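Here's the structure, in structure tokens; my notes come after.
The values are calculated or read from the model by the stated rules, or taken from the named source; none is laboratory data. Small disclaimer: the values here were computed from a predicted structure and weren't measured. Cβ atoms come from the backbone with ideal geometry, glycine included; neighbour counts cover every protein chain shown. Keep in mind that these areas ignore ligands, DNA and RNA; they rest on the heavy atoms of the full protein, side chains included. Shrake-Rupley method; radii C 1.70, N 1.55, O 1.52, S 1.80 Å.
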Amino acid sequence: MEFKFSPIPNHFEIKETVTQDNYLVNGKLVSWKGDFSPVYSTISSDEKYKPTLLGKIPSLGKDQAIEALDSACQAFDNGKGLWPTMKVVDRIKAMESFVEEMKGKREEVVNLLMWEIGKNHNDSKKEFDRTVDYIYDTIEAYKQIDRDSAKFQKNSGINAHIRRGPLGVVLCLGPYNYPLNETFCLLIPALMMGNTVIFKPAKHGVLLISPLMEAFQKHFPPGVVNVLFGRGRVLATPIMESGKINVLALIGHSSSANALQESHPKKNRLRLVLGLEAKNPAIIMPDADLDLTIKECINGSLSFNGQRCTALKIIYVHEDVKDVFIERFSNEVDKLKYGNPWDENVNLTPLPEPSKPKYIQELISDAQSKGAKIINKNGGKSCENYVFPAILFPVSKDMDVYKDEQFGPVVPIISFKDIDTPLEDMAESNYGQQVSVFGKNTKTLGPLIDTLVNLVCRVNINSSCQRGPDIYPFTGRKDSAFSTLSVHDALRSFSIRTFVASKDNKENNKIIKDLLGSDNSNFVSTDYIL
Ligand code: G3H
């Protein structure tokens with residue numbers, strides 16, 4: 001096969017590079033006069049391969065990190081700040097006006113998503129729209145939480161008014177594969193619940209935040225959203241070392257999460273909201289519908305080139321159907337179309353990390369040296385920014401591709417006779433997010449499901465793994481996650497129950513009545529938000 005690119009349509013060309021020359025603290029877009037880092041795309045605009053310069057971002061340092069921390073702490077003001085004490089309806093209004101302005105930036109953000117991380121046009125549009133929907137769904141879920149708590153209850157002679165309150169200052173770090181969606185799935189519920197936030201965009205997928213900077217500045221009170229640019233370690237470490245962070249919200253690798261958690265001097269004060277690595281298996285039973293299984297395994301293992309935490313990263317196929325599955329699956333993988341993100345019907349697109357093709361080749365070579373073969377014709381063929389998906393079989397436990405979360409275009413396959421093989425491997429593994437099971441016989445599926453639900457947090461029957469719909473719980477066991485993120489659960493993860501209690505007597509009841517009948521407290525309220 002040849003890697004050929006069609007010319008870049010005029011509409012998607014980078015006509016001007018993006019200069020992100022400020023950062024957001026204290027409600028001000030502070031102009032940056034120091035060093036900058038260039039942002040390149042691994043997509044080439046020339047016929048002879050050359051990464052494309054997209055723009056530049058400030059290389060901020062420790063001083064700016066502390067400036068952002070002080071700004072967020074001041075905006076929270078030990079719970080006295082405008083944002084954490086604001087009426088729920090007013091926080092909702094701010095969020096609604098932010099999302100309205102954000103919608104106007106769709107085209108710019110989508111174009112940068114394609115260039116920065118190589119996500120195809122359809123999926124880039126989906127990422128933007130899904131994020132907008134997520135914000136509206138979060139607003140609705142928050143209204144419901146607020147309605148449910150717009151009441152008093154009485155027990156053992158004590159009246160209680162129980163609500164959810166913010167936790168404080170949140171450090172929010174997102175991943176490159178969903179630099180908008182996954183980051184906002186942390187940022188938005190954190191803000192909605194009244195926390196203040198320091199946010200550092202991912203290394204790849206950073207310029208796409210530029211079009212939203214003014215909206216952050218305009219629609220939230222000063223210091224509520226602070227945006228920093230630069231290297232994670234340089235910025236996040238001093239922030240954590242201060243001990244002033246109440247929530248670490250991170251989608252990424254457990255090694256970063258552990259290092260950051262370690263830098264916090266009072267770990268017991270730190271809440272963790274983490275989406276981490278996974279190695280979701282597909283288990284193909286002898287009675288699986290192979291047409292459907294192949295379609296789902298292709299989608300599951302190779303959409304966005306396998307760079308999804310929910311991707312199927314290892315396939316277990318029963319001995320009885322191994323040969324036919326592997327042959328048909330390989331043929332279908334070889335038919336996938338490689339190209340630039342805007343090319344029509346493109347499935348495989350350039351990898352945004354310049355070092356990724358080499359890493360994938362190393363996984364392939366390691367597996368080959370230990371007895372695996374590349375099964376598909378095009379598997380492993382490479383160009384400067386891509387390696388065509390390699391299906392590797394038979395894969396064994398000593399291979400790196402068995403142990404590592406490959407997060408890229410390589411599909412390891414293992415065959416099994418006894419269902420205990422995949423079950424034992426899953427029990428031993430460091431991951432525990434989801435699994436896909438393909439089969440029909442409920443006599444075997446039933447007990448299998450009963451075990452799998454205790455090894456992972458979502459068992460997908462005859463379909464690939466995925467996060468959505470966002471209304472459902474998204475979490476994992478072991479090194480795969482901490483806390484749960486669904487629209488509703490995320491609001492809970494970023495808040496704590498806190499309440500007002502008073503003995504049931506005349507004097508106290510009069511105070512409560514007066515509070516309810518006045519505007520003196522924003523917390524004590526039985527208003528029903530429509
Ligand atoms: O990278 C992990 C994402 O949460 C996966 O989401 O299943 O919608 O692609 P997705």
Quiz prompt | 3J(HN,Hα) from dihedral phi, region 234-239, Karplus parametrisation 6.51/-1.76/1.60, rounded to Hz, x for glycine, proline | solution = 5, 8, 6, 4, x, 5
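From the P(r) of region 65-107, could you give the percentage of C-alpha pairs in the tail past 16 Å?
On the way: 499 of 903 pairs.
Percentage above 16 Å: 55.
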Exercise. Determine, at each q value in 0.19, 0.20, 0.21, 0.23 (inverse angstroms), the log₁₀ of I(q)/I(0) that the Debye formula gives when each Cα of region 445-494 is one equal point scatterer.
Key: -0.70, -0.76, -0.82, -0.93
Quiz item: Per residue, what volume in Å³ does the Cα convex hull of the chain take up?
Solution: 161
Quiz item: Carbon and sulfur atoms: what percent of the 1.4 Å accessible area of the chain do they account for?
Solution: 49
Exercise. Enter the accessible area per residue of the chain (Å², integer; probe 1.4 Å; all protein chains in place).
Key: 43
Exercise. Would you mind putting 82-88, 143-149 in packing order, based on average other-beta-carbon counts within 10 Å, highest first?
Key: 82-88, 143-149
Quiz prompt | Relative compactness, region 216-282, computed as alpha-carbon Rg over 2.2 N^0.38 Å | solution = 1.30
Quiz prompt | Lys/Arg +1, Asp/Glu -1 at C-beta; the chain dipole; positive extreme among H253, V39, L392 | solution = H253
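Would you kindly state the longest site-free stretch of the chain, with sites defined as GluC sites (Glu not before Pro) in a DSSP loop (not H, G, I, E, B) surrounded by at most 15 other Cβ atoms within 10 Å? Spell out each step's value before the answer.
Values: sites that count: E2, E13, E16, E47, E344, E384.
That gives 48-343 as the longest site-free run.
Which value in Å is the Kirkwood Rh of region 372-437 over different Cα pairs?
Values: mean 1/r = 0.0751 Å⁻¹.
One decimal place: 13.3 Å for the Kirkwood radius.
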Quiz item: Gap in Å between the Cα centre of region 282-348 and the Cα centre of region 37-53?
Solution: 30
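Run the numbers on region 449-523 and let me know its relative contact order in percent, using alpha-carbon pairs under 8 Å that are six or more apart. Each step should come with its number before you reach the end.
On the way: 38 pairs, mean separation 12.1, N = 75.
Dividing the mean separation by the residue count of region 449-523 yields 16 percent.
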Exercise. Provide the descending list of Cα extents for region 1-146 along its principal axes, expressed in whole angstroms.
Key: 60, 39, 25
Quiz item: What angle, in degrees between 0 and 90 and rounded to the nearest 10, separates the Cα long axis of helix 106-117 from the longest principal axis of the Cα atoms of the chain?
Solution: 50
Quiz item: Once amide H atoms are built 1.01 Å from N in the peptide plane, which residues 5 or more positions from G55, or in another chain, come under 5 Å H to H?
Solution: V18, V39
Quiz item: Hey, any idea what the orientation-averaged projected area of the convex hull of region 112-156's Cα atoms comes to, in nm²?
Solution: 4.8
